[in-house]
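So the structure is just underneath, and the comments pick up after that.
The values are calculated or read from the model by the stated rules, or taken from the named source; none is laboratory data. The shown structure was predicted, so the numbers you read here are calculated from the model rather than taken from an experiment. Glycine gets a Cβ as well: all are built from the backbone with ideal geometry, and neighbour counts include every protein chain shown.
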């Protein structure tokens with residue numbers, strides 16, 4: 001067996017050991033990550049848009065949200081607001097409105113933004129089920145919004 005063949009076999013064995021002994025990855029066991037579509041409101045155009053709501057439930061990152069617009073108005077700054085409905089998974093009561101990020105679109109109307117929530121941000125809501133909706137606005141009224149999402153906070 002040549003020198004390079006021995007190196008290749010050693011690398012393959014190391015990779016196999018790494019895969020076999022790697023522990024399973026896990027996220028929040030109660031609320032899984034969600035991919036939530038943003039829909040145009042009133043005559044706003046949008047090719048595609050979504051909120052990725054990722055609940056890591058960790059000691060530093062409690063949740064990480066990503067916001068994506070594709071084909072929105074060009075060169076526009078949008079404000080993303082999370083509306084939380086404490087104890088109301090139907091989103092029919094008065095919400096708490098939390099401005100979470102801005103999204104700046106480019107000449108093609110594409111843009112992204114994100115927000116990280118710490119465990120302290122969830123104080124007072126942990127252990128409850130809430131309703132959540134996201135709105136994206138360039139002015140006073142929403143240009144895009146999600147439907148109501150039931151979120152279990154543990």
Look at the range 55-69 and say how many of its residues are surrounded by fewer than 19 Cβ atoms within 10 Å (Cβ to Cβ) and in a strand (DSSP E or B).
3
I'd like the full set of residues that are exposed (fewer than 15 other Cβ atoms within 10 Å of the Cβ) and not in a strand (DSSP E or B), limited to the range 34-54.
42, 43, 45, 47
If I filter the range 26-33 for residues that are at pLDDT below 95, crowded, with 16+ Cβ neighbours inside 10 Å and not in a loop (DSSP other than H, G, I, E, B), do I get at least one hit?
no
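So that you can scan it fast, the table gives a plain yes or no per residue for (1) over 19 Å from residue 49 (Cβ atoms); (2) surrounded by 13 or more Cβ atoms within 10 Å (Cβ to Cβ):
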{"residue": "76", "(1), (2)": "no, yes"}
{"residue": "97", "(1), (2)": "yes, no"}
{"residue": "112", "(1), (2)": "no, yes"}
{"residue": "115", "(1), (2)": "no, yes"}
{"residue": "125", "(1), (2)": "yes, yes"}
{"residue": "140", "(1), (2)": "yes, no"}
{"residue": "146", "(1), (2)": "no, yes"}
{"residue": "154", "(1), (2)": "yes, yes"}
Against the conditions (1) at pLDDT 95 or above; (2) closer than 21 Å to residue 70 by Cβ, where does residue 116 fall short? Just the number, please.
(2)
In the range 102-117, how many are touching a strand residue (DSSP E or B) at 6+ places or on another chain (Cβ under 9 Å) and farther than 14 Å from residue 80 by Cβ?
3
